[in-house]
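The values are calculated or read from the model by the stated rules, or taken from the named source; none is laboratory data. Predicted, not measured: the structure shown is a model, and the values here were computed from it. So basically every Cβ, Gly included, is an ideal-geometry build from the backbone, and we count neighbours across all protein chains shown.
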């Protein structure tokens, strides 16, 4: 999984180099195609690397899904008739390197699936958590184990992941509550999962994030979500339980508690609060 993470980073770097190469050649495909490494974009780029010079012929290779953007794609390849052969060779080398990287990623995925065959249930239980998926679950299990048996409590796992506030104190004064630098490869996966979990609607992570972000800001709110996620990961792996979403129920209960509190405050100020009949929609 560590090797897969490194190769995935290489793929992202290759994506950036490819876009820079095309811009240097005055070909701006990314302005029309959302995924520069997608199937449609790679068909056009491969044809360009093989020597195609007609912008219309290149635009046809995008497929029917880009029919309404045909003219825009033709304008993107206006420099193809005068493109220097050196750029075509560099583009071909980049696409060959991309295929090699994806082949390595496929082999690593297959090897990881074979190694975790005995722990398929743990991967499935962990992948059910919002923000996590099969890939993130495999990465976390590879680091902490299928049962997180090394860590006696969820606090130990959160500390090892670097998802707990620091205690830089002197003379009873806290100078910094910044999280310590993580010493594990799984910390990156947990942080990414926290950023994805807060975007999932109707989850407890989204509710907690909206409550914390006005007071703490985005970075510290994500840190708090990561801490909560690490404790949840330990419970799912160590106690072999399944994730149960309670986000909407928690939000609804919080609204009821807030309403009861406001009613008490209004009555303490002398107001008379009346409830409408049960059949009245108002």
Item to complete: Inspect segment 80-87 for any residue being at pLDDT 85 or above, surrounded by 12 or more Cβ atoms within 10 Å (Cβ to Cβ) and within 31 Å of the chain's Cα centre (by Cα) and give the result as yes or no.
Response: no
Worksheet item: Do the conditions hold for residue 11, that is, is it surrounded by 15 or more Cβ atoms within 10 Å (Cβ to Cβ), within 30 Å of residue 141 (Cα to Cα) and either outside the structural domain of residue 189 (by TED's automatic domain parsing) or at pLDDT below 85 (or both)?
Response: yes
Worksheet, complete the sentence: Note: among 64, 30, 34, 40, just one is farther than 30 Å from residue 144 by Cβ and modelled with pLDDT of 85 or more, namely 40
Item to complete: Determine whether residue 154 is over 22 Å from the mean Cα position of the chain (by Cα), surrounded by 13 or more Cβ atoms within 10 Å (Cβ to Cβ) and closer than 27 Å to residue 202 by Cα.
Response: yes
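Quick grid of which residues meet (1) within 28 Å of the chain's Cα centre (by Cα); (2) loosely packed, with under 15 Cβ neighbours inside 10 Å; (3) in contact (Cβ under 8 Å) with a residue 24 or more places away in the chain; (4) within 23 Å of residue 86 (Cβ to Cβ):
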{"residue": "16", "(1), (2), (3), (4)": "yes, yes, no, yes"}
{"residue": "20", "(1), (2), (3), (4)": "yes, yes, no, yes"}
{"residue": "27", "(1), (2), (3), (4)": "no, no, yes, yes"}
{"residue": "32", "(1), (2), (3), (4)": "yes, no, yes, no"}
{"residue": "40", "(1), (2), (3), (4)": "yes, no, yes, no"}
{"residue": "44", "(1), (2), (3), (4)": "no, no, yes, yes"}
{"residue": "47", "(1), (2), (3), (4)": "no, no, no, yes"}
{"residue": "50", "(1), (2), (3), (4)": "no, yes, yes, yes"}
{"residue": "68", "(1), (2), (3), (4)": "no, yes, no, no"}
Worksheet item: Does residue 72 fit the bill of being surrounded by fewer than 17 Cβ atoms within 10 Å (Cβ to Cβ), assigned to a loop (DSSP other than H, G, I, E, B) and touching a helix residue (DSSP H, G or I) at 6+ places or on another chain (Cβ under 9 Å)?
Response: no
